[in-house]
Amino acid sequence: MQEVKQPNKKPFIFYYMIALLVIFLINSLLVPKLAQRAVKEVDYGTFMEMTYNGEIGYVQIEDNQIVFTGKDEKNIYKTGPVYDPELTERLYENGAKFSGEIVEEMSPLLSIFLSWLLPMFIFIVLGQLMYRQMAKKAGGNSMMFGMGKSNAKVYVKSSDGIKFTDVAGEDEAKENLTEIVDYLHNPDKYREIGASMPKGILLVGPPGTGKTMLAKAVAGEANVPFFSMSGSEFVEMFVGMGASKVRDLFSQAKEKAPCIVFIDEIDAIGKKRDGQLGGNDEREQTLNQLLTEMDGFEGNNGVIILAATNRPESLDPALLRPGRFDRRVPVELPDLKGREEILKVHAKKIKLYEDVDFGKIAKMASGASGAELANIVNEAALRAVRDGRNAATQADLEESIEVVIAGYQKKNAILTDKEKLIVAYHEIGHALVAAKQTDSAPVQKITIVPRTSGALGYTMQVDEGNHYLMTKEEIENKIATFTGGRAAEEVVFGSVTTGASNDIEQATKLARAMVTRYGMSKDFDMVAMETVSNQYLGGDTSLCCSAETQTAIDREVVELVKKQHEKAGQILLENRAKLDELSQYLYEKETITGEEFMNILNA
Ligand code: ADP
């Protein structure tokens, strides 16, 4: 689909400058020229000569000049005054007539026309031109003319539009939206049976999972115009502007129906209206207008509203009720198969060697969103160019996963040998604890090459496939794995470093969730102590319990982590020889694969 380009907008000041310039030119060049058209300047000698020859018609003596006409009164002359006491007499004797009415200036009418009417006329013409330009742009966001216009980007139908095939994975979402496309193609089929399409469809999911793409794909498949606007674009400085933008958007959409209106990040205007005084009036008005507009059109008029958000829980319930956004389509992070498909879709855009194993890459990139996968493929292509190859390899893709997760490799060695050894033990500690608990290969890869993100080393976990439930033991094992790094430092060096801060955070988070949300604690049974807000954006939690309970929760969390930490230490002590062997190996090689790890462990 192509976005219709708006013509270049010249700033207001530009037109004012032009108008001023024109007036200035008229006044300084044209007016004097016109005024002096007939007046000829002559020297005093010529004036005297003409006087003696009786060639003077009328004469008018002023303080700073003498203006006179010839006998025929057609030509007007002027000359500068000279001290000449007999001038009047001489003129009289030679038949000149004295007059105060030889007007050297142009006629008063012309003068008024030139200095008042003409500039005004020019202003009006320029103003009209300007106004038309602005109006044509249907609300360019210039303050005076664009106020209250919706500014929506219109995507017109075109053959190279995004189609469902461009959106990989997300099969449920696509299935759901296919119905919409079908409706836009044959609305009569639905009308006949009396079914009405949902007016609004809300796409919810974490960032970068393809919500915008899906909306565009619906328009592309249905081959209808697509209006796209971000929620934040509605919110203006002045109360009422946003509402007027909403009105404008809907009136445009109704004209173009059937069409799709897409509002990205709808939480910007759709937030719950709370009872607080002095709330955000502009936002609330905008929301009210949106609610009214959505009610205002009948079900089957062909305008379908798609909206995307990462924060569905913050939306106003009035917006979510049936009749407005009555369908909610979850767009979740892709699973293994989805990731593989997304990689394949994006890999079509770059040149790749044939031996690339997308399945393996997809496994390594567990938890990555569609946008991250697209980025991984692009990084691989960039890396290939950097190394002077003409196609990307498997290694490029693998490296670029690490780039996207952990940043670029730090080129200059900044770790001392001692530090490097500690990092090696730390990482092997994690892997060994994990391996001993599950008796399977726990990692894809371990590396101690520092990264620009600040990670000194990291362990890439094996994707355990699609996993929807976790047992208590599994979570405990996970906590033990997190503590494994620190435990290895303690077992080997007898002291601890700051390297474990991230592990500590993660272990605590898991342990806390066990107690407060999963009902896996000793004392609290199945009582929720925390609620999750922002499910798709990091999952912040807020405590909802008494202060005493908080103290008890803290105590239990500490106990939980402590127990697992001790368990990890125990595992490492029992496998001290393997720990040393593996760590030495990693120290020398800097990067080892999961296979190498298991080979040494089982040797
Ligand atoms: P959001 O969910 O934040 O609206 P977008 O739809 O803007 O995400 O996706 C951002 C980019 O990520 C897209 O331009 C596309 O390159 C890539 N992407 C995300 N999901 C997918 C997918 N399912 N298939 C193919 N590409 C995807």
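Throughout, read-outs are computed from the coordinates displayed, never taken from laboratory work. Predicted, not measured: the structure shown is a model, and the values here were computed from it. Please note: Cβ atoms are built from the backbone with ideal geometry, for glycine as well, and neighbour counts cover all protein chains shown.
How do Leu343, Leu469, Leu320 rank when sorted from fewest to most other Cβ atoms within 10 Å of their own Cβ? Mind dumping the intermediate values first?
On the way: Leu343 25, Leu469 5, Leu320 15.
With the sparsest Cβ surroundings first, the list reads Leu469, Leu320, Leu343.
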Item to check | Cross-link partners of Lys348 among aspartates and glutamates (Cα-Cα below 15 Å; sequence separation of 8 or more within a chain) | outcome: Asp166, Glu340, Asp357, Glu379
Item to check | Cα long-axis angle, helix 241-256 against the chain (0 to 90 degrees, to the nearest 10) | outcome: 90
Checklist entry - So how strong a dipole does the chain carry about its Cα centre when Lys and Arg Cβ are +1 and Asp and Glu Cβ are -1, to the nearest 20 debye? => result 880
Checklist outcome for this item: So for R0 = 25 Å, FRET eff. of Gln65-Leu21 from the Cβ-Cβ r, to 0.05, ends up at 0.20
Checklist entry - When we measure straight from the Cα of Lys272, which aspartates and glutamates land under 13 angstrom away, once same-chain ones fewer than 8 places off are left out? => result Asp281, Glu284, Glu313, Asp316
Checklist outcome for this item: Assertion target for Leu177, Leu382, Leu87, ordered by fewest C-beta neighbours within 10 angstrom first, is Leu382, Leu87, Leu177
Checklist entry - Counting other C-beta atoms within 10 Å, which of Cys544, Cys259 has the fewest, and how do the rest follow? => result Cys544, Cys259
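Under the Kirkwood approximation applied to all pairs of distinct alpha-carbon atoms, what is the hydrodynamic radius of the chain in Å? Don't skip to the answer; put the middle values down first.
On the way: mean 1/r = 0.0315 Å⁻¹.
That comes to 31.8 Å for the chain.
In Å, the Kirkwood hydrodynamic radius of the stretch 183-290 over pairs of distinct alpha carbons? Working shown, then result.
Values: mean 1/r = 0.0645 Å⁻¹.
With all distinct Cα pairs of the stretch 183-290 included, I get 15.5 Å.
In deg cm²/dmol and to the nearest 500, what is the mean residue ellipticity at 222 nm of the chain if only DSSP H runs of at least 4 residues count, each as -39500 (n - 2.57), divided by the residue total? Before the final figure, lay out the partial values.
Numbers: 24 runs with 297 residues, N = 603.
My calculation for the chain gives -15500 deg cm²/dmol from helical runs alone.
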Checklist entry - Under a point spin-label approximation (7 Å from Cα along Cα-to-Cβ), what is the Thr498-Asp188 distance to one decimal in nm? => result 7.3
Checklist outcome for this item: Looks like the stretch 320-370, by Cα gyration tensor root eigenvalues a ≥ b ≥ c and the a/c under 1.5 rounded cutoff (else prolate when a/b is bigger than b/c, oblate otherwise), is prolate
Checklist outcome for this item: Computed over the chain: longest principal axis from alpha-carbon atoms vs helix 547-574 long axis, angle to nearest 10 degrees, is 60
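Can you pick out the pairs among Lys420/Lys578; Lys40/Lys97; Lys199/Lys344; Lys478/Lys522 whose Cα atoms lie more than 26 Å from each other?
Numbers: Lys420/Lys578 18 Å; Lys40/Lys97 19 Å; Lys199/Lys344 34 Å; Lys478/Lys522 19 Å.
Result: Lys199/Lys344 exceed 26 Å.
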Item to check | Angle between the chain longest axis and helix 281-296 axis [Cα atoms, degrees, rounded to 10] | outcome: 80
Next on the checklist: Given Cα positions, please report Rg to Rh for the stretch 511-596, the hydrodynamic radius being the Kirkwood one.
Outcome noted: 1.19
Item to check | With 10 Å bins from 0: P(r) over the stretch 282-372, alpha-carbon pairs, percent | outcome: 13, 32, 19, 20, 14, 3
Checklist outcome for this item: Any trypsin sites (Lys or Arg not before Pro) in the stretch 453-533 that lie in a DSSP loop and have at most 16 other Cβ atoms within 10 Å would be Arg517, Lys522
Checklist entry - Within the chain, what percent of beta bridges assigned by DSSP are antiparallel, to the nearest 5? => result 50
